Every structure is written in C-alpha cells, then in structure tokens.
Amino acid sequence: MDATAVRVAVEKARRAQRDWACLTVAERGHRAQIFAEALIAREEELCDLISREAGKPMQEAFVHEVSASAIVGQYFAKQAERMLAPREVNLTLAKHRKATLHYAPRGVVGLITPWNFPLFMPLRDLFLAVIAGNAVVLKPSEVTPLIALKAKELWDQAGLPSELFQVVTGYGATGAALIDAGIDFCVFTGGVSTGRRVAGMCGERLIPCVMELGGKAPLIACSDADIELTARGAVYGGFANAGQVCIGVERVYAHNSIAERLEKRMVELTQSLRVGDPQKGSVDVGAIIFPKQIDVAEAHIRDATAKGAHVAAGGRRRAGGGQFFEPTVLTGCNHSMTVMTEEIFGPIVPVMRVSSDEEALSFANQSHLGLNAYVFTKDRTYGAALAARVEAGSVLVNDVLTNGGMPEVPFGGIKQSGFGRVLGADSLREMCHVRHVNTERVALGSDNPLWYPYTDKGLSRTRKLLGLVLGGGGLLARVGRALRS
Ligand code: NAD
C-alpha cells in the first residue's frame with residue numbers, strides 16, 4: 001500500500017478512536033476479551049495459516065502465537081481498569097495540594113512488526129493499544145501479511161469497530177509512510193539497523209516510540225548446573241521457531257567442569273529433532289523464513305569453523321528441497337567468531353567453555369545487545385544474584401523463552417536491543433498520555449507567598465516552610481499554619 005492509502009487508513013483510525021475513547025476502560029476490556037475468545041475459537045484455522053505462511057510447527061503456532069495472544073488480551077482486559085485508574089501522588093513539598101495522574105489515550109498507534117511471530121507481536125501490541133483507548137494501524141512484515149489480514153478479519157467478525165484496527169500491507173516504504181502519516185505513538189519490532197532508521201524518523205517528527213530490536217541471549221551454564229535441564233533448555237531455547245527468536249539462546253558459556261557432558265547431551269538431543277514441513281506431519285523444527293536467513297547461518301558456520309570451531313551436530317541445509325536447516329551445535333567457540341558476537345537468527349547454538357561463572361558473566365556482558373539472558377544452576381539464591389548482574393532486559397534462571405508471553409512483567413531490551421517496554425502495567429500506561437491534574441487540599445487564598453509581590457515577609461515564610469519540610473516536619477496542618485502565619 002502506498003503513502004496515500006496509509007494516510008487514509010490513519011485518518012479512518014483517528015475518527016474511530018474518538019468514539020472508542022469515550023467508552024470506559026472496563027467496556028473496552030470487555031470488547032477486547034471478545035476478540036481474545038474469537039482467537040481461541042478459531043485457533044485451528046489460525047494455526048494452519050501460521051504454519052503455512054511462516055513454516056512453524058503446529059505446537060509453536062498454537063502456544064507461541066494464538067494462545068500467547070489470547071492470554072495477553074485476557075490479562076489486560078481484566079487488569080486494565082485497575083492499571084489505568086487515576087493515581088494519587090504524595091507531594092513532598094506542596095502538601096496543601098493534591099496531585100492526581102490520569103491516563104488518556106494517545107490517539108493512533110502505529111505498529112510495525114517482523115515475521116518471526118506474525119500473530120503474537122501484532123496482537124500483543126494491539127491489545128495494549130486498544131484497551132488503553134487508542135486506534136491501531138498495523139504494518140506487518142511483507143513476508144507474513146496473510147496472518148495479519150486474518151487477524152483483522154476475525155476482529156471485524158467479532159463485532160469490534162472495524163476502522164479502529166487497520167492493516168496496511170507492504171515493504172519498508174509502507175512502514176515509513178505510516179510514521180509519516182500522523183501517528184501519535186509507534187511500537188517497532190524488528191532488526192537493529194531498521195530500528196535505527198525508524199527511531200530516526202520518529203525523532204524527526206517527535207513521535208514517542210518503543211524499539212524492540214535484536215537479541216543475542218547468552219546462557220550461562222554454571223559449574224553446578226543440572227546437565228539434563230540445561231541441555232534441554234539450550235536445545236529448546238536455541239531451536240524453537242528454527243532459532244528465529246529474538247530471545248532465543250544464541251550462545252552458551254559452559255563451565256569447564258560440566259562442558260563435556262553438557263555438549264554431549266546437547267548433541268544427542270539436537271540429533272533427535274525432527275526437521276521438516278509442518279504441513280506434512282508432526283515436526284520439532286520447521287522452516288527458515290527465506291533463503292537469505294540460511295545464507296546468514298552458513299556464513300556464521302564458515303567463519304566459526306575457519307577459526308577452530310567444531311560442528312558437533314547439523315551444520316548444513318537439509319537435503320531434499322525446501323528452506324530447512326539442520327539444527328546445529330558448534331563447540332570450541334570463542335569471541336573471535338561472529339557466531340558468538342552477532343545475531344544469528346537461525347538454528348545454531350555455539351558453545352564456549354569458560355573456567356569460572358565470573359568469566360561466563362563477563363563474556364555474557366560483552367555484547368552490544370541485551371534483550372534476554374539465561375542462568376542455569378541448582379542454587380536458586382546464587383542464580384538470582386548472578387542473574388541480577390547480567391546486562392539484559394530479562395534474565396531467567398533455569399528456564400528459557402517463557403517471559404516473552406508473561407503479560408504481568410515488562411519485556412524489552414537494553415543497549416542496542418532497544419528501549420521502552422511492552423507488557424507489564426507500565427507498558428499499558430505508556431500507551432497513554434499521563435495527565436497530571438493538581439487541585440487544592442488547603443486553600444492558601446490569594447495571599448500566596450510564592451506569588452507577586454516578592455517581599456521580605458514572603459521570603460521568610462517560604463524559608464520557614466522549606467525548613468519544615470526539609471527538617472522532617474511537613475504535616476499538612478503545620479504546613480498550612482506556616483503558610484498562613
Ligand atoms: P526488519 O527490521 O527487517 O523488519 C521489521 C519491520 O520493519 C517489517 O515490517 C519491515 O517491513 C519494516 N521496515 C523495514 N524498513 C522500514 C523503514 N525504513 N521504515 C519503517 N518500517 C520498515 O526485521 P525482520 O527481519 O522482519 O525481523 C527480524 C528482526 O526482528 C531480528 O533482528 C529480531 O531480533 C527482531 N525481533 C525483535 C523482537 C523484540 O521483541 N525485541 C521480537 C521479534 C523480532
């Protein structure tokens with residue numbers, strides 16, 4: 001769709017938003033809940049389309065896409081009224097005044113999304129935006145537009161205001177046109193280099209934005225890690241969605257004392273995975289989205305093996321046609337290899353041996369990206385303490401990936417993985433303007449010592465007041481007395 005079509009979509013969305021914003025939060029939540037239920041009612045049709053368009057195994061289409069979307073929708077539908085309720089803020093100095101924060105929708109939210117979670121990414125942000133009272137114009141990835149259009153069809157069939165949610169399909173230029181079409185807020189999910197351009201465009205137009213960019217999640221396998229659990233976590237975390245996950249396990253730092261056993265078990269598990277077309281039967285690892293992504297995987301493997309890494313499992317395109325790549329475990333890796341430092345976004349898990357957990361932590365933090373990270377240890381207290389020192393938006397101990405679908409907690413990155421958060425109560429509020437309304441608790445009358453005229457008496461009263469507050473007094477009555485004295 002060209003710039004004119006995008007502009008028309010934004011204008012329609014803006015008109016629809018005015019009526020939508022007049023509904024109470026509870027009413028908007030109720031309507032969103034109907035859409036969430038429609039997703040579940042039509043899950044087989046959605047899963048089939050996701051599987052055909054993006055090449056995902058059915059289990060992933062159901063768990064990571066359809067049910068994850070519905071869970072987010074239901075959660076915010078129920079919790080939004082509480083989260084967006086006006087909030088009173090305790091004022092330290094101006095005790096005689098009452099400050100209340102109100103959350104007002106921003107208007108039209110533009111969503112620009114990638115292909116790797118073609119239903120979940122758009123719908124996660126759609127639920128947040130509309131429950132907060134906004135309209136949405138979505139620009140899905142050019143390689144997965146059908147799923148977005150199917151979601152729009154279900155939205156309309158569920159009886160929600162059709163113009164409130166618009167889908168504009170096209171390449172990057174359509175996304176750029178969306179930012180230029182007068183949106184009030186932008187949530188971008190995609191690669192770092194595109195994110196830079198999108199953030200630049202938003203900056204020029206002073207459009208607030210959230211940037212959900214790439215990841216390079218480290219997995220720290222501590223000396224006391226449970227081998228079976230860690231191996232399974234690394235294999236599932238690395239190969240789910242054929243490794244095309246922004247929070248996928250992209251590098252393992254294995255303590256020397258367990259490395260050999262861990263690598264051996266990872267290889268066994270990897271070799272047992274069934275790779276292939278999900279439309280032709282049950283598989284564990286589906287397709288790679290497009291040929292370019294296979295080229296990236298091969299380039300990483302070439303670079304790593306040239307520098308001494310060993311291909312312990314997989315390592316090649318699968319023979320017999322189609323865009324399939326064998327799940328690959330690389331051992332003997334180090335930070336001179338791109339596979340340990342650059343985003344892979346394919347089914348490769350490189351393992352580097354380290355002599356201590358501290359060394360693992362130090363390497364984990366040597367990255368320009370910081371989205372998710374993982375720590376495996378039998379000691380929960382130690383694991384939590386180590387996790388708190390990893391430079392990432394989220395760190396899971398003895399688990400992988402699951403936080404991407406936890407609506408209660410913020411999701412997002414630091415460093416070049418982006419800024420802003422989706423999910424969690426703050427992200428719902430971020431979809432709003434915060435409006436501070438300030439009223440009187442105690443009337444000062446027209447004789448306010450802070451106002452004109454400036455007099456010695458006024459200055460001395462102000463000094464007295466400040467003394468009260470800084471001196472730990474500050475009770476409402478005392479402040480009132482001081483101001484009136
Ligand atoms: P991409 O950056 O190529 O594209 C993302 C979206 O941006 C697409 O819809 C694309 O059409 C659009 N786009 C491209 N150029 C644009 C422009 N100039 N202006 C506006 N929009 C433009 O990313 P991708 O290949 O679709 O997805 C893979 C990347 O997404 C990976 O790097 C991955 O790590 C990242 N990702 C991040 C998260 C997260 O939550 N942090 C989640 C999923 C994927």
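The values are calculated or read from the model by the stated rules, or taken from the named source; none is laboratory data. Remember, predicted model here, so these are calculated numbers, not experimental data. Ideal geometry is used to build each Cβ from the backbone, glycine not excepted, and the neighbour counts take in all protein chains shown. All accessible areas refer to the heavy atoms of the entire protein, side chains included, with ligands and DNA or RNA removed. Shrake-Rupley method; radii C 1.70, N 1.55, O 1.52, S 1.80 Å.
Hey, can you tell me all the residues within the range 396-426 that are of a type in the set (Ser, Thr, Tyr) and open to solvent by less than 10 Å² (accessible area, probe 1.4 Å)? Residue satisfying the conditions is Ser417 alone.
Residues that are buried (at least 24 other Cβ atoms within 10 Å of the Cβ) and assigned to a loop (DSSP other than H, G, I, E, B) within the range 315-332 comprise just one, Pro327. Residue count for the range 376-395 satisfying the condition of being outside any strand (DSSP E or B), open to solvent by less than 20 Å² (accessible area, probe 1.4 Å) and either closer than 19 Å to Asn241 by Cβ or without any contact (Cβ under 8 Å) to a residue 60 or more places away in the chain (or both): 1. Only one of these is in contact (Cβ under 8 Å) with a residue 24 or more places away in the chain, in contact with a Ser or Thr (Cβ under 7 Å, 6 or more places away or on another chain) and charged (D, E, K, R): Glu263, Glu250, Glu228. Name it. Within the list Glu263, Glu250, Glu228, the selection yields Glu263.
Glu163 passes every criterion in (1) open to solvent by 10 Å² or more (accessible area, probe 1.4 Å); (2) within 12 Å of the ligand (Cβ to nearest atom); (3) in a helix (DSSP H, G or I); (4) closer than 22 Å to Gln17 by Cβ apart from (2).
Taken over the range 78-130, the residue count meeting the criterion of being touching a Leu at 6+ places or on another chain (Cβ under 9 Å), closer than 18 Å to Ile183 by Cβ and β-branched (Val, Ile, Thr) is 4.
Every residue in the range 121-154 that is within 15 Å of the ligand (Cβ to nearest atom), of a type in the set (Asp, Glu) and either buried (at least 23 other Cβ atoms within 10 Å of the Cβ) or free of Cβ contacts under 8 Å to residues at least 24 places away in the same chain (or both), please. If the condition is that a residue be within 15 Å of the ligand (Cβ to nearest atom), of a type in the set (Asp, Glu) and either buried (at least 23 other Cβ atoms within 10 Å of the Cβ) or free of Cβ contacts under 8 Å to residues at least 24 places away in the same chain (or both), then Asp125 is the only one that fits. Only a single criterion out of (1) more than 16 Å from the ligand (Cβ to nearest atom); (2) over 17 Å from Ala16 (Cα atoms); (3) crowded, with 24+ Cβ neighbours inside 10 Å is not satisfied by Arg82, namely (3). Here Arg97 meets each of (1) open to solvent by less than 10 Å² (accessible area, probe 1.4 Å); (2) modelled with pLDDT under 95 with one exception, condition (1). Scanning the range 200-240 for residues that are over 22 Å from Gln366 (Cα atoms), open to solvent by 10 Å² or more (accessible area, probe 1.4 Å) and within 10 Å of the ligand (Cβ to nearest atom) yields Gly200, Met201. Checking each residue in the range 334-353 for being open to solvent by 10 Å² or more (accessible area, probe 1.4 Å), touching a residue at least 60 places away in the same chain (Cβ under 8 Å) and either more than 16 Å from the ligand (Cβ to nearest atom) or within 12 Å of Ile301 (Cβ to Cβ) (or both) picks out Met352, Arg353. Scanning the range 244-278 for residues that are of a type in the set (Lys, Arg) and within 16 Å of the ligand (Cβ to nearest atom) returns a single hit, Arg251. The single condition from (1) within 23 Å of Val267 (Cβ to Cβ); (2) in contact with a strand residue (DSSP E or B) (Cβ under 7 Å, 6 or more places away or on another chain) that Val397 fails is (1). Would you pick out the residues in the range 266-313 that are open to solvent by 50 Å² or more (accessible area, probe 1.4 Å), of a type in the set (Gly, Ala, Ser), within 22 Å of Tyr253 (Cβ to Cβ) and not in a helix (DSSP H, G or I)? Matches in the range 266-313: Gly308 only.
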